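Worksheet for the structure shown next.
The values are calculated or read from the model by the stated rules, or taken from the named source; none is laboratory data. What you see is a predicted model, and the numbers here were worked out from it, not measured in a lab. Heads up, the Cβs are rebuilt from the backbone with ideal geometry, glycines too, and the neighbour counts pull from every protein chain shown.
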């Protein structure tokens, strides 16, 4: 049974995990870098261990240091949050060897979903639609694939991520050169030159399903739409995904649960799909084997504490929820308030936050590690906090978010709050069902 | 839970309940100060509330944040130009570990020559020389965290 929980993360997600752990009566130990010794999370945790210097490679990403710190603190379990070591199978194995529970799936499951090509095969095995395409081990294979998918198509790196090593090809005569280029780029960026080919979906939406599995059974907690992205980074997330016909939504949920069962998945996860904005056909993209940044929108409409579920599953308990008893209420939207300057190409804006007045009140949730006088170190990502609103309808939620953004007041650093206010005021967003190209057409006001 | 570290000040639900109590009342501000934290709740002109927190450091954990970044204070002699970072971050002299540095002392640079990179929040920003000249000194150390007012390196302009 978990009594002492080590948290191997920082920022808002560390605080988020501490909040639930404390409610459940667990002691919390936080591993921090030198730069985070005075962070709000460090001042909130029951105990703090300094892992190492500021650079992540020597602290939050150093498997040996995190495992040694968790062992020295006599932790029963480690919650990895998101990012950093959260999907690292070697970390899971190292913890297991030290007799400490990893709050997440098994190392084998992390391996199965970590390699995009492997994940694609798993999805096909589970009978889940994938984007037409597949491996292209050489030029001949690439040409054969291209005849199946048609043009335009995308060349992607097998070990890629975050949009790197991705090439769009519109015409057959460009294929050979682009395959060679993508392979070379993938080799340079990821040390793996393997590429695969997929049909390009022009008007695609990013829709994902939250799942929970206990190794035997699996359920879903509904879907989220995260189509508003900039350079493949999510900006706005909402639940449920608007405007999907009920029959198609049911199929989407079913596919996600089927994949989770097929993997005998243990933990909370997210199955990401690319959905055609016109036909609502959907294709498996990948599975994220951790808690997501945007999990609060799902918590808002289901009333389920996803971190609590993760801890229960890690403790070996069977799922305490059944699909039939879950009810979805209203609509939730989350925006990410980042310390970035949208007027200067989203340049990072770290430093001292002289004042942080976050919105408050019914239907508003703020998950943040930054309060007045807080400091945003330059070493890590720029997420300052997440503003989440929950209302009876999507229309009411959009209006509530617009009002909340109007009262938010941050001084000392530049933030993306103004950008979100423009998104909320955009008639395309109000109409719902936007595709991943939304940001390109946004009024820069 | 240990006794010497107090609980989280108030949960989001607590705050929502306080605001519900204030409801439609005449009070537009609540300033709550305890040994552990200060919370200011303020109602804006349109009736929307904000929460402004300041949590005090727990015993033994109050470490000055100011120590996080190091200023590279350098007296710059006349006729020599100091290259400053566009934003605070980690200073890197070469494109990747083990690779030769972008520039060394004695190197000739042009305005567009990349002299170093600054990593801030996972984003790499190239720093350009900004002038034609010769590198006379490199003041920051590779991998060092630098402030915005630090001098990275110095260039003697040459036509």
Original post:
Would a scan of region A:5-14 turn up a residue that is modelled with pLDDT of 95 or more, facing chain B (nearest Cβ under 8 Å) and either more than 22 Å from residue B:38 (Cα to Cα) or part of a helix (DSSP H, G or I) (or both)?
Top reply: no
Original post:
Given the structure, is residue A:423 farther than 29 Å from residue A:41 by Cα, touching a residue at least 40 places away in the same chain (Cβ under 8 Å) and in contact with a strand residue (DSSP E or B) (Cβ under 7 Å, 6 or more places away or on another chain)?
Top reply: yes
**OP:** Keeping to region A:394-431, report how many residues are surrounded by 15 or more Cβ atoms within 10 Å (Cβ to Cβ) and not in a helix (DSSP H, G or I).
**Re:** 9
Subject >> So residue A:201, is it closer than 19 Å to residue A:156 by Cβ and touching a helix residue (DSSP H, G or I) at 6+ places or on another chain (Cβ under 8 Å) >> reply: no
Original post:
Looking at this structure, is residue A:434 assigned by TED's automatic domain parsing to the domain that holds residue A:229, buried (at least 21 other Cβ atoms within 10 Å of the Cβ) and in contact with a helix residue (DSSP H, G or I) (Cβ under 8 Å, 6 or more places away or on another chain)?
Top reply: yes
Original post:
Among the candidates A:75, A:35, A:41, A:68, which residue alone is in a helix (DSSP H, G or I) and out of contact with any helix residue (DSSP H, G or I) (no Cβ under 7 Å at 6 or more places or on another chain)?
Top reply: A:68
**OP:** Out of the residues in region A:273-290 that are in contact with a strand residue (DSSP E or B) (Cβ under 6 Å, 6 or more places away or on another chain) and in a loop (DSSP other than H, G, I, E, B), state the one that is surrounded by the fewest Cβ atoms within 10 Å (Cβ to Cβ).
**Re:** A:277
Original post:
Assuming residue B:77 fulfils every condition listed in (1) exposed (fewer than 12 other Cβ atoms within 10 Å of the Cβ); (2) under 30 Å from residue B:156 (Cα atoms); (3) at pLDDT 75 or above apart from one, which condition is it?
Top reply: (3)
**OP:** Just give me the residues in region B:40-74 being exposed (fewer than 11 other Cβ atoms within 10 Å of the Cβ), facing chain A (nearest Cβ under 8 Å) and modelled with pLDDT of 65 or more, in sequence order.
**Re:** B:46
Original post:
Can you tell me which residue in region A:44-64 is nearest to the other protein chains (Cβ to nearest Cβ), limited to those that are surrounded by 19 or more Cβ atoms within 10 Å (Cβ to Cβ) and part of a helix (DSSP H, G or I)?
Top reply: A:44
Subject >> Single residue of region A:347-389 satisfying the filter (closer than 15 Å to residue A:417 by Cα, modelled with pLDDT of 95 or more and assigned to a loop (DSSP other than H, G, I, E, B)) that is farthest from the other protein chains (Cβ to nearest Cβ) >> reply: A:353
Original post:
Can you name the strands (runs of 3 or more DSSP E) wholly within region A:146-232 that have at least 3 residues being crowded, with 21+ Cβ neighbours inside 10 Å?
Top reply: A:153-157, A:195-199, A:204-214, A:218-230
